[in-house]
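Notes to accompany the following structure.
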């Protein structure tokens, strides 16, 4: 085994290896369409009270439960396909008690903000008898969530490539 | 953090394993780690065992169907040792760069 203690080229080798690891964090072909389906189901939630004859709570659950199930399935599939588990845990505790934010946290916040804003807007539009406008908002929200999801994956790759703060 | 060499992660294979596990992922699977480090199955098994015995690396074994899956994670102790070792290597690199002005500065590639 070569001795590298006096060879700073080891750092360059580590950078190359981290790049290789980051390149593995590319989603398989089914991941992004799957994410789009999850968000489409989520943003269909506000329509549930109009579309189903059952009480609102039951009909909303009928949409949200499959969406959450597909979401977990996608995350499991991504971890299995890439061999890397890198999220979506928001905070990590270091040994010295400090906290730092996970990579892609801004994208994560954007995902949350867009989802709440879009659902609220959709509900208001439906209440005012504008279902077509609500569908338009839902479509825009799905597109925005997809862009944020891709930004999140890019941030994770960037973090893997940069060494996650470990020099 | 003190910049000091760690004899355990001094060999390049162990440095690679720890460096890759410290790169931001929570857990990394055996094949992903092997491919990224560019080493063989047997070398990874042997070196990861040494790191596990030193409590630098945590190992979780499972299976998907009949296929065994092994996952690795760097412990807090391993992270601290690695950071000290990398800081020490960075100091060496800096000293070398200073002594040879024409030498290019190494910067990680960004997207």
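The values are calculated or read from the model by the stated rules, or taken from the named source; none is laboratory data. Quick caveat: nothing in here was measured; it's all calculated off a predicted structure. Cβ atoms come from the backbone with ideal geometry, glycine included; neighbour counts cover every protein chain shown.
Filtering the range B:36-56 down to residues that are free of Cβ contacts under 8 Å to residues at least 24 places away in the same chain and in a helix (DSSP H, G or I), which residue is surrounded by the most Cβ atoms within 10 Å (Cβ to Cβ)?
Across the range B:36-56, the extreme among qualifying residues is B:36.
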Out of A:118, A:143, report the one residue that is in a helix (DSSP H, G or I) and touching a helix residue (DSSP H, G or I) at 6+ places or on another chain (Cβ under 7 Å). A:118
If residue A:125 satisfies all but one of (1) in a helix (DSSP H, G or I); (2) surrounded by fewer than 18 Cβ atoms within 10 Å (Cβ to Cβ), what's the number of the condition it fails? (2)
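Mind listing whichever residues of the range B:82-95 are loosely packed, with under 14 Cβ neighbours inside 10 Å and farther than 11 Å from residue B:4 by Cβ?
Step one: filter the range B:82-95 for residues loosely packed, with under 14 Cβ neighbours inside 10 Å, giving B:91, B:94-95.
The answer is B:94, B:95.
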Going by the conditions given, is residue B:32 crowded, with 19+ Cβ neighbours inside 10 Å and assigned to a loop (DSSP other than H, G, I, E, B)? no
Condition check: outside any helix (DSSP H, G or I), modelled with pLDDT of 90 or more and crowded, with 17+ Cβ neighbours inside 10 Å. Does residue B:17 satisfy that? no
With B:15, B:33 as the choices, which residue is within 25 Å of residue A:104 (Cβ to Cβ) and within 9 Å of chain A (Cβ to nearest Cβ)? B:33
Residues in the range B:3-16: is at least one closer than 28 Å to residue A:154 by Cβ and touching a helix residue (DSSP H, G or I) at 6+ places or on another chain (Cβ under 8 Å)? yes
Cβ-Cβ distance below 7 Å, separation of 6 or more or different chains: which pairs start in the range A:112-129 with a residue that is touching a residue at least 12 places away in the same chain (Cβ under 8 Å) and end on one that is surrounded by fewer than 17 Cβ atoms within 10 Å (Cβ to Cβ)? A:125/A:133; A:126/A:50
So if I check each of A:66, A:88, which one is surrounded by fewer than 19 Cβ atoms within 10 Å (Cβ to Cβ) and at pLDDT 80 or above? A:66
Could you check, for the range B:65-81, whether at least one of its residues is surrounded by fewer than 13 Cβ atoms within 10 Å (Cβ to Cβ), over 16 Å from residue A:79 (Cα atoms), touching a helix residue (DSSP H, G or I) at 6+ places or on another chain (Cβ under 7 Å) and away from every other protein chain (no Cβ under 11 Å)? no
